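The values are calculated or read from the model by the stated rules, or taken from the named source; none is laboratory data. Nothing here was measured: the structure is a model prediction, and the numbers come from that model. For neighbour counting, all protein chains shown are included, and Cβ atoms are generated from backbone atoms with ideal geometry for every residue, glycine included. SASA here: full protein model, heavy atoms, side chains in, ligands and nucleic acids out. Shrake-Rupley method; radii C 1.70, N 1.55, O 1.52, S 1.80 Å.
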Amino acid sequence: MTETSSPRIVIVGAGPAGIRAAATLVEAGLQPVVIDEGHRAGGQIYRRPPDGFIRMPEQLYGSEAAKARALHELFDRLAKEGRLIHCAASSVIAMHEGRLHVLGESGVQVTSYDRLILATGASDRVAPVPGWQNTGVYSLGAAQIALKAQGVALGRRIVLIGSGPLLTLVGAQLVKAGADVAAVLDTSSWRQQMRGLWGLAARPVVALRGLALRARLGRRYHAGVTLERIEADEQGVAALCWRDAGGRQCHTSCDMIGMGWHLRAETHLADLAGCAFGYDEQWQQWLPKTDEMGRAGNGVYLAGDGLRLLGADGAEIAGSLAAAACLADLGYQAPVASADLRKRARVERFARGLARAFPWPAAMVRALPDEAIVCRCESVSVAAVREGADLGSGEANRVKSLSRVGMGRCQGRYCQLGAVELIAAQAGCAPDAVGRFRGQAPVRPAPIGAFLREG
């Protein structure tokens with residue numbers, strides 16, 4: 001193709017998937033546009049601190065420092081050479097008929113595309129716990145971002161709760177940084193974790209690194225716990241009440257709680273783009289459908305954790321494959337390395353092992369008391385969701401309209417999975433029968449004034 005006929009390809013997200021997709025397109029002689037919410041490329045996993053920050057990559061990313069540095073340098077070089085266009089600190093908040101509405105510092109701008117690669121990543125998957133609406137409760141990702149970007153802990157005495165590799169990773173990082181971590185509480189029992197061994201054996205080195213992080217936590221780490229409630233005073237969080245694997249009652253004082261059960265794919269833009277979805281029983285969430293290369297149809301391609309929760313290494317592979325599919329569809333030479341497909345299969349087996357070892361706490365959510373809060377944004381109680389399920393025939397969007405669950409600033413990112421679990425329990429059906437909240441624009445909060453300057 002000639003330069004004048006070069007298609008306009010937009011990539012949303014500059015994490016591992018977006019960077020690899022951009023590099024693949026650049027190698028083919030194209031100049032992609034990369035839109036990212038961060039000021040600097042890297043995504044959440046390889047988030048970079050502000051200029052002048054004194055901590056080295058080895059301190060920020062541990063064993064993944066070399067990978068992070070390589071991706072950062074690759075993207076920065078391509079951007080400096082003008083081989084890609086980087087729209088930093090910008091967020092795609094809506095899309096329609098081949099046009100993106102992008103919120104940046106100057107307001108909302110409309111940009112068109114011929115092909116779109118969504119590498120939107122993932123966010124924390126959280127489950128409601130009685131008292132989690134109080135000041136001082138954060139997601140694990142928020143705690144990690146504060147540590148990486150600003151070098152601070154979000155509390156003086158910290159308790160981390162949830163399950164999955166991020167739980168122990170953030171705990172180990174905070175301990176290494178000198179924070180006072182009182183306890184790291186995993187709702188997955190030792191027996192449950194052993195059930196994922198076959199999958200985890202697909203990447204033994206990575207699994208051993210996880211065990212090393214857990215060893216660093218020492219006696220702070222407890223498996224198979226039952227979370228009861230978060231207590232608070234006038235200042236916010238005061239303590240966490242929980243029971244250990246043996247049923248012993250525990251009361252741990254703290255002023256900050258970080259929570260998360262692995263990850264939730266960020267799929268709002270994929271929804272607006274018209275992608276098909278299917279319920280994944282193992283991950284217990286709705287995920288977009290694509291072919292093995294990431295094709296979702298209508299010139300849209302998906303890559304990274306927004307498609308499948310395969311981690312940073314899997315995201316890099318998926319980014320390369322999605323870009324190769326895009327190039328092939330445009331008539332460019334885009335050979336796909338069979339080694340990438342084999343490696344992705346191994347990464348996926350490992351990820352499935354993680355999902356089995358550290359499951360979503362469905363039983364805990366279904367047993368929540370009526371007075372507990374499900375939706376923090378709108379202060380919607382468990383009782384309101386259960387009542388909505390009775391009136392709305394157990395369909396997610398009907399319950400949403402009746403109870404306002406999922407209508408707040410987060411657009412259901414934090415409450416949807418918990419709400420669906422409660423609706424399913426009340427309706428006596430499986431979560432996939434309940435459905436999912438429909439995505440709506442804007443997918444991120446945006447000031448009205450930004451739309452007045454839309455151009």
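Details
- Computed lengthening from D114 to E395, 0.36 nm per intervening residue step minus Cα-Cα distance: 97.6 nm
- By the helix-only formula, in which each DSSP H run with n ≥ 4 contributes -39500 (n - 2.57) and the sum is divided by residues, the chain has a 222 nm mean residue ellipticity of -10500 deg cm²/dmol.
- In a DSSP loop and with at most 15 other Cβ atoms within 10 Å, the chymotrypsin sites (Phe, Trp or Tyr not before Pro) in the stretch 4-69 are F53.
- Helix 165-176 and the longest principal axis of the C-alpha atoms of the chain enclose an angle of approximately 80°.
- Using 0.36 nm per residue and subtracting the Cα-Cα separation, the extra length available between A245 and A339 on full extension is 29.6 nm.
- A cysteine counts as unpartnered when no other cysteine's C-beta lies under 4.7 Å of its own; in the chain this applies to C87, C241, C250, C254, C275, C326, C377, C410, C429.
- Anisotropy class of the stretch 329-455 from Cα gyration tensor, a/c 1.5 cut: oblate
- The alpha carbon centroids of the stretch 345-396 and the stretch 22-42 are separated by 36 Å.
- Subtracting the Cα-Cα distance of A177 and C429 from their residue separation scaled by 0.36 nm leaves 86.2 nm.
- Gyration tensor verdict on the stretch 273-347 (Cα atoms; rounded if a/c is under 1.5, prolate if a/b is larger than b/c, oblate otherwise): oblate
- Beta bridges assigned by DSSP with both partners in the chain are antiparallel in approximately 55 percent of cases.
- The stretch 310-327 residues near the modelled A66 label - backbone nitrogen below 19 Å, point 7 Å along Cα→Cβ: 312-317
- Karplus-derived 3J(HN,Hα) values for the stretch 132-147, using 6.51 cos²θ - 1.76 cosθ + 1.60 with θ = phi - 60°, are 6, 7, 6, 4, x, 9, 10, 7, 4, x, 4, 5, 5, 4, 4, 5 Hz; glycine and proline are entered as x.
- Partner lysines for K176 [C-alpha distance under 29 Å; skip if fewer than 8 residues away on the same chain]: K67, K148
- Share of carbon and sulfur in the accessible heavy-atom surface of the chain [1.4 Å probe, %]: 50
- Accessible area expressed per residue, the stretch 1-145, with surrounding protein chains retained (probe 1.4 Å, Å²): 43
- HN-Hα J in Hz across the stretch 279-293 - Karplus 6.51, -1.76, 1.60, θ = phi - 60°, x for Gly and Pro: 7, 9, 5, 6, 7, 6, 7, 7, 10, x, 9, 9, 7, 5, 8
- Among the GluC sites (Glu not before Pro) in the stretch 300-386, those located in a DSSP loop and surrounded by at most 12 other Cβ atoms within 10 Å of their own Cβ are E371.
- Positive contributions from Lys and Arg (+1) and negative ones from Asp and Glu (-1), summed over other residues with Cβ under 13 Å from the Cβ of A315, come out at -2.
- Calculated accessible area for the stretch 243-291 comes out at 38 Å² per residue, all protein chains present (probe 1.4 Å; ligands, DNA, RNA ignored).
- For the stretch 28-33, backbone phi angles converted through the Karplus equation (6.51, -1.76, 1.60; θ = phi - 60°) give residue-by-residue couplings of 8, x, 9, 10, x, 9 Hz, Gly and Pro being listed as x.
- With respect to the chain, whose longest principal axis is taken over its alpha-carbon atoms, helix 204-217 is tilted by about 40°.
- Helix axis angle, 416-427 relative to the chain longest principal axis, alpha carbon, degrees: 60
- Using the Cβ-Cβ distance between R55 and R216 with R0 = 30 Å, the FRET efficiency computed as 1/(1 + (r/R0)^6) comes to roughly 0.95.
- Take the Cα of D233, step 7 Å toward its Cβ, do the same at D329, and the gap between the two points is 5.8 nm.
- Taking the stretch 108-180 and dividing mean pair separation by its residue count, relative contact order in percent (alpha carbons under 8 Å, at least six apart): 25
- The stretch 123-177 and the stretch 259-334: distance between their alpha carbon centers, rounded to Å: 27
- Total formal charge among the other residues, if their Cβ is under 10 angstrom from that of Y279, Lys/Arg +1 and Asp/Glu -1: -2
- Extending 7 Å from the Cα toward the beta-carbon at both R346 and R195 defines two label points whose distance is 2.7 nm.
- Take every pair of alpha-carbon atoms less than 8 Å apart whose residues are at least six positions apart; their mean separation over the length of the stretch 311-409 yields a relative contact order of 17 percent.
- Cβ-Cβ FRET estimate between H96 and R409, R0 fixed at 35 Å, reported to 0.05: 0.95
- Accessible area in square angstrom per residue, the stretch 340-434, 1.4 angstrom probe: 43
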